[in-house]
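Accompanying notes for the structure given below.
The values are calculated or read from the model by the stated rules, or taken from the named source; none is laboratory data. These figures come from a predicted structure and were not determined experimentally. We place every Cβ from the backbone using ideal geometry, glycine too, and count neighbours over all the protein chains shown.
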Amino acid sequence: MTKIVLILWLFLALTACSGLDPTILTPTLDATVLHKTAVYQVTLDAPAEPSPLPTQTLPPPATPTNIPTLDRTRPLINTPTPETPCNKAAAGHPIDVTIPDGTVMNPGQSFAKTWRLENAGSCTWTRLYAVTFFSGNSMNAYQTNTLAEPVEPGQQIDVTVDMEAPEKPGIYQSNWMLADEEGILFGIGPNGDAPFWVKIEVVPAITETPQPTATVTPTPVVYLSGEAELADGDQLDLDSGTLNPEDVTSADFVYQTGEDPAHILLTMNGTLWALFGEDEPTFGDCTMAETSGNALSFSDLPEGSYVCYRTSDVLLGRFLFVGLDGDALVVRFVTWSMQ
């Protein structure tokens, strides 16, 4: 604005000096033009200020994505705990409280056999449990003898059976097992299915001093020979060659099948035997063989092997494991008698 005023005053001075009529030379000022001029000048005089730069909005920092870690912890391996069977027995300490194996008896001698057994199962043996005859020679004992008192798991009990030695000299074995309230048999051993037994030797009673007599060597002759096929549970009488005789007291052994062992042969009525081998035994071989009433059990049948035996009628003989015909056991036997 000051510069405009100075310009106007300078213009008026020049006009006066030139001798012109001031009235004629004085310009008429347009207010609008002056206003624009003043505004323009003010704009020029205003200090230049930098225009504010637009503010840049930065995006938020990216949130890192968590990478899942692998769980390398091994899962616990649960080892199954073997379940204890309900009915299972174990041998006590000792198992033979009376009448150890090999005890010598006179013919017909009475005795009481006592076993010590432990309840190795998970069920209580009640008074309805019993000691039951299983196989071999019963020795004129009661077939079933109930327990005198209950037996808790882990406890021991002494069980006694009254017996009588057979009249004939020889070695005898009587096999027994336990039976539960339903009559299901169980015993001792790893699987709880093995019998316990009494084993005695009966010798002739000496009533007077024997007089020397002339020695006569007996001559053996073949009394009976034959072949038999035995299915599971079949009995054989080696004195007559009869399969499953009506009178079970005349049977000499019974054949049973199982899982392990697969083949089981049990003596009956005082029969004794011994596994001889693959060579065919003579009468003399079977006479010298150490026979017993122990069970013969095999996972695999020993085909071609011989067994020497002494029947319930005290006759010597031998039989051969021929093999299996389907599920039947085939044996070939020879029983001798003396002349």
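Numerical summary
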read-out: Filter pass, ASP239 being in contact with a helix residue (DSSP H, G or I) (Cβ under 8 Å, 6 or more places away or on another chain), of a type in the set (D, E, K, R), modelled with pLDDT of 90 or more and buried (at least 19 other Cβ atoms within 10 Å of the Cβ); value: yes
read-out: Qualifying residues in region 108-150 (those that are part of a loop (DSSP other than H, G, I, E, B) and among the aliphatic types (A, V, I, L, M)) - the one nearest to GLU181 (Cα to Cα); value: LEU128
read-out: Test: residue in region 320-334 that is among the acidic types (Asp, Glu) and out of contact with any Pro (no Cβ under 9 Å at 6 or more places or on another chain); value: yes
read-out: Subset of region 296-310 [of a type in the set (Gly, Ala, Ser) and part of a strand (DSSP E or B)]; value: SER297
read-out: Every residue from region 274-296 that is surrounded by 18 or more Cβ atoms within 10 Å (Cβ to Cβ) and hydroxyl-bearing (Ser, Thr, Tyr); value: THR291
read-out: Any hit, region 210-224, residues being surrounded by 11 or more Cβ atoms within 10 Å (Cβ to Cβ) and β-branched (Val, Ile, Thr); value: yes
read-out: From the options LEU230, LEU266, residue that is within 17 Å of TYR172 (Cβ to Cβ), surrounded by 20 or more Cβ atoms within 10 Å (Cβ to Cβ) and either in contact with a strand residue (DSSP E or B) (Cβ under 7 Å, 6 or more places away or on another chain) or of a type in the set (Lys, Arg) (or both); value: LEU266
read-out: Whichever residue in region 158-208 is without any contact (Cβ under 8 Å) to a residue 60 or more places away in the chain and aliphatic (A, V, I, L, M) and, among such residues, is farthest from LEU296 (Cα to Cα); value: ILE206
read-out: Condition met for SER297 (among the small types (Gly, Ala, Ser) and within 20 Å of LEU324 (Cα to Cα)); value: yes
read-out: Index of the failed condition, ARG332 passing every other in (1) among the basic types (Lys, Arg); (2) closer than 26 Å to PHE134 by Cβ; (3) surrounded by fewer than 20 Cβ atoms within 10 Å (Cβ to Cβ); value: (2)
read-out: Any hit, region 193-207, residues being part of a loop (DSSP other than H, G, I, E, B), under 36 Å from the mean Cα position of the chain (by Cα) and either at pLDDT 95 or above or within 28 Å of HIS93 (Cα to Cα) (or both); value: yes
read-out: Residue count for region 93-117, restricted to those that are among the charged types (D, E, K, R) and surrounded by fewer than 16 Cβ atoms within 10 Å (Cβ to Cβ); value: 1
